[in-house]
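Read the structure below first, then the notes.
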């Protein structure tokens with residue numbers, strides 16, 4: 001986050017996810033979507049060269 005040209009906050013590598021929530025969604029629905037997002041294979045595996053092989057959890061990202 002930048003304010004008046006100065007960085008005041010930041011996160012490391014990871015995902016910024018915007019999620020739509022409806023009043024009929026349950027805590028179980030929220031848990032499900034969190035698990036899905038955290039375990040999506042979006043990041044490369046440097047050891048094998050495979051492009052879509054690691055999740056946020058596996059990479060220990062934020």
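What follows draws every value from the coordinates through simple rules; no lab data is involved. What you see is a predicted model, and the numbers here were worked out from it, not measured in a lab. Note that we place each Cβ from the backbone using ideal geometry, even for glycine, and neighbour counts take in every protein chain shown.
When you go through 15, 38 one by one, which is the residue that is closer than 13 Å to residue 61 by Cα, out of contact with any strand residue (DSSP E or B) (no Cβ under 8 Å at 6 or more places or on another chain), outside any helix (DSSP H, G or I) and in contact (Cβ under 8 Å) with a residue 12 or more places away in the chain?
Unique residue meeting the criteria: 15.
Take the residues in region 18-35 that are surrounded by 12 or more Cβ atoms within 10 Å (Cβ to Cβ) and assigned to a helix (DSSP H, G or I), then tell me which one is farthest from the chain's Cα centre (by Cα).
From region 18-35, those surrounded by 12 or more Cβ atoms within 10 Å (Cβ to Cβ) are 25, 29-30, 32-34; that's our starting set.
With assigned to a helix (DSSP H, G or I) added as a condition, the list becomes 29-30, 32-34.
Numbers: 29: 17, 30: 14, 32: 14, 33: 11, 34: 9 Å.
The qualifying residue farthest from the chain's Cα centre (by Cα) is 29.
I want to confirm something. Restricting to region 41-62 and keeping residues that are assigned to a loop (DSSP other than H, G, I, E, B) and under 11 Å from the mean Cα position of the chain (by Cα), which single residue is nearest to residue 1 (Cα to Cα)?
62
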